[in-house]
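The values are calculated or read from the model by the stated rules, or taken from the named source; none is laboratory data. On a predicted model such as this, the values are computed, not experimentally measured, just so you know. Cβ coordinates were reconstructed from backbone atoms using ideal geometry, including for glycine residues, and neighbour counts include every protein chain displayed. Surface accessibility is based on the protein's heavy atoms, side chains included, excluding ligands, DNA and RNA. Shrake-Rupley method; radii C 1.70, N 1.55, O 1.52, S 1.80 Å.
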Amino acid sequence: MDWQAIIDLDKELLLWFNGSQSLYLDSLVRTLTNGWTWLPLYLSLCFVVIKNNDTVQKILFVIACAGLCILIAGTVDDEIVKPTVARWRPTHDPQIGMLVDIVDGYRGGLYGFFSAHASNTFSLTIFFWWLMRSRLLTTAMVLWSLTNCWTRLYLGVHYPGDILVGLCWGFISGSLVFLFYHRVTRNQKRRYMPGDMNIPVGVLVFTLVFALIKSSFA
């Protein structure tokens, strides 16, 4: 396998995704990549969990498992993989950094392998996919995760390879957490009402529309 060819392709793809001449897109991406933008989505998922579980213990356990997804996906990345692999972010890479379009001076940390945005969002997506078994919600959350991935490419803070590995680790970590949840609760009745899935999906759509409108006035 020609690793250098793969690395070169990774860089070419990054430059294709990175930046634009649109101040509107710059503002939109900075809004979408901010974790606080998605707080309503997290709260709506909590609401669905609360509505579909009849004890405080069950509710807290689901929320704790969702937190565990983030802990495993993000902590392994930030505390172990990034400093160990030490692959430059495109914005700091001596070979390509001068070609990267920097948006609002944002460069991120020194190392970018792999993407915590990709692993965190996809781990939650996979966990709630296994938990709620809703095609509608899963489709919406995959869109949410991929939107976050796109923003990282646009900002030039991750290579496509960083994103791909992040998605893979997110899938693994979200699935492992669900297996743990399933083992602990295997004797409990679990059923999420299909109609309740409309709540986080609606919130996701509203958040996207809000970001589109907000960026128009930035």
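Observations, loosely collected:
- Full extension of the chain between residue 210 and residue 88 yields a length gain of 40.6 nm, computed as 0.36 nm times the residue separation minus the alpha carbon distance.
- Only Lys, Arg (+1) and Asp, Glu (-1) charged, at Cβ; the chain dipole about Cα centre in debye: 1100 debye
- For segment 79-218, the solvent-accessible area works out to 51 Å² per residue, with a probe of 1.4 Å and every protein chain left in place.
- Distance between modelled label sites at residue 146 and residue 75, nm, 7 Å Cα→Cβ extension: 3.1 nm
- Projecting the Cα atoms of 207, 167, 136 onto the charge dipole of the chain, computed from C-beta unit charges around the Cα centre, puts 136 farthest toward the positive end.
- Peptides 120-128, 59-67 ordered by average Cβ neighbours within 10 Å, highest first: 120-128, 59-67
- Size descriptors for segment 53-132: radius of gyration and Dmax over Cα atoms are 17.0, 56 Å.
- Listed residues 206, 171, 113, most fluctuating in the chain (Gaussian network, C-alpha, under 10 Å): 206
- Of the residues 185, 139, 37, the one that moves most in a GNM of the chain with alpha-carbon contacts below 10 Å is 185.
- With R₀ fixed at 30 Å, the C-beta to C-beta distance from residue 185 to residue 39 puts the FRET efficiency at about 0.65.
- Longest DSSP-loop-exposure-free segment, trypsin sites (Lys or Arg not before Pro), the chain, at most 13 other Cβ within 10 Å: 1-185
- Percent of Cα-Cα distances greater than 26 Å, calculated over the chain: 40 percent
- Rough spin-label spacing in nm, given labels placed 7 Å along Cα→Cβ, for residue 15 and residue 130: 4.1 nm
- Taking every Cα-Cα distance in segment 147-216 and sorting them into 5 Å bins starting at zero, the pair-distance distribution P(r) comes out as 3, 12, 11, 13, 18, 19, 12, 8, 3, 1, 0 percent.
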